[in-house]
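A short write-up of the structure that comes next.
The values are calculated or read from the model by the stated rules, or taken from the named source; none is laboratory data. None of these values were measured; they are calculated from a predicted model. Ideal geometry is used to build each Cβ from the backbone, glycine not excepted, and the neighbour counts take in all protein chains shown.
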């Protein structure tokens, strides 16, 4: 079998045959070899309109195009293709429809698919270097492929949703992410964390979809609450334990530790208090050996730190209750101890928590949490590091959705 016939069989260029094959060997600059394959249009193969799919016997005009394909035996492969516009009676002049080449593409479908697969695990820069394609070309291929495979998010039947914010750039620039916890699917990502930034998601749900929402798990950002409860009258806000306890660590434990360190006249004891932050914030069950001993000694010598540490552990237990009739008496007892402690940061935190106790009690009916979102946040950081940052929000958010398409129903 002649080499041209073999290449034609392996190539699978429907409607086209191989006319000529040329090969350029590697040069002194260590560039790979290049294979040029000239294709010709088979006269016995009907053409189809890319607009309506109708068969056409005549073409309007044509021009030669250079198309990249998958490498052949490590050789950079180019196709010289006569690209025709058919004379469609219905649509007028339209580009010929080809299964192996998209309408205006300069790379074959299979090369585009391979580029998109590699973009899932490698940075655009590295994929471009491997295939000797420009950065913009690789990015456009990957974005087009993701848009075609993902499509619009499925919001039908959505009853519960979790939302979280994450930093996308320096300078207090954030984005907000919406996740369906049951399917572990990212539904929506938008820049910003203000009410007007998250509003398009709820508008996308429509009137029926907003009435269907029963619960929203989130942190204690007050800007979100009104934007959730106004369009979604049935929705209950569910406060996640992670965020509440983390806020307790920042506003209570850190404040008390810093205040106690400043009041110490002994330099050594002051340094011990300053260096104890991570010991106090970590879960005591996760401390071992010398760290557990250090924490015990620290709490024995400082009454205020011991008090806020005990109340932190008790606060975590509030999310273990499944019935509000049991959870609220426990919180009322915890609140009383916090107020009687006379520790101002603790009293202030307890007062603010009391105003939003309904969001904690709702956790019993809707045991939602944002631990799934924390895992997604970690993956987002990996995506950012792989790409050395993103300049295009739409593409970045598309990559996030592609990383978490959800468990098939």
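Quick check on the range 29-50: of everything there that is part of a loop (DSSP other than H, G, I, E, B) and touching a strand residue (DSSP E or B) at 6+ places or on another chain (Cβ under 6 Å), which residue is surrounded by the most Cβ atoms within 10 Å (Cβ to Cβ)?
50
Within the range 51-87, take every residue that is assigned to a loop (DSSP other than H, G, I, E, B) and under 15 Å from residue 23 (Cα atoms) and give me the one that is farthest from the chain's Cα centre (by Cα).
In this case the residue turns out to be 73.
Yes/no per residue for (1) in the same structural domain as residue 207 (by TED's automatic domain parsing); (2) in contact with a helix residue (DSSP H, G or I) (Cβ under 9 Å, 6 or more places away or on another chain); (3) buried (at least 17 other Cβ atoms within 10 Å of the Cβ):
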| site | (1), (2), (3) |
| --- | --- |
| 65 | no, no, no |
| 73 | no, no, no |
| 92 | no, no, no |
| 101 | no, yes, yes |
| 116 | no, yes, yes |
| 125 | no, yes, no |
| 128 | no, yes, yes |
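Output yes when any residue across the range 247-260 is within 24 Å of residue 175 (Cα to Cα) and at pLDDT below 70, and no when none is.
No, that holds for no residue.
Output the residue which, of all residues in the range 103-114 that are assigned to a loop (DSSP other than H, G, I, E, B) and in contact (Cβ under 8 Å) with a residue 40 or more places away in the chain, is surrounded by the fewest Cβ atoms within 10 Å (Cβ to Cβ).
Going through the qualifying residues, I end up with 103.
Residue by residue through the range 146-164, note down the ones that are surrounded by 14 or more Cβ atoms within 10 Å (Cβ to Cβ) and part of a loop (DSSP other than H, G, I, E, B).
153, 155, 158, 159
Residue-wise test of (1) over 30 Å from residue 108 (Cβ atoms); (2) outside any strand (DSSP E or B); (3) over 14 Å from the mean Cα position of the chain (by Cα); (4) assigned by TED's automatic domain parsing to the domain that holds residue 126.
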| residue | (1), (2), (3), (4) |
| --- | --- |
| 144 | no, yes, yes, yes |
| 166 | yes, no, no, no |
| 178 | yes, no, no, no |
| 196 | yes, yes, yes, no |
| 201 | yes, yes, yes, no |
| 205 | yes, yes, yes, no |
| 211 | yes, yes, yes, no |
| 217 | yes, no, yes, no |
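For the range 19-28, does any single residue satisfy the condition of being within 24 Å of residue 145 (Cβ to Cβ), in contact (Cβ under 8 Å) with a residue 40 or more places away in the chain and either touching a strand residue (DSSP E or B) at 6+ places or on another chain (Cβ under 7 Å) or surrounded by fewer than 14 Cβ atoms within 10 Å (Cβ to Cβ) (or both)?
no
Which number in (1) surrounded by 15 or more Cβ atoms within 10 Å (Cβ to Cβ); (2) over 27 Å from residue 408 (Cα atoms); (3) in contact (Cβ under 8 Å) with a residue 12 or more places away in the chain marks the one condition that residue 132 misses?
Exception for residue 132: condition (1).
Counting only residues that are part of a loop (DSSP other than H, G, I, E, B), more than 37 Å from the chain's Cα centre (by Cα) and farther than 16 Å from residue 250 by Cβ, how many does the range 317-352 have?
Selection size over the range 317-352: 2.
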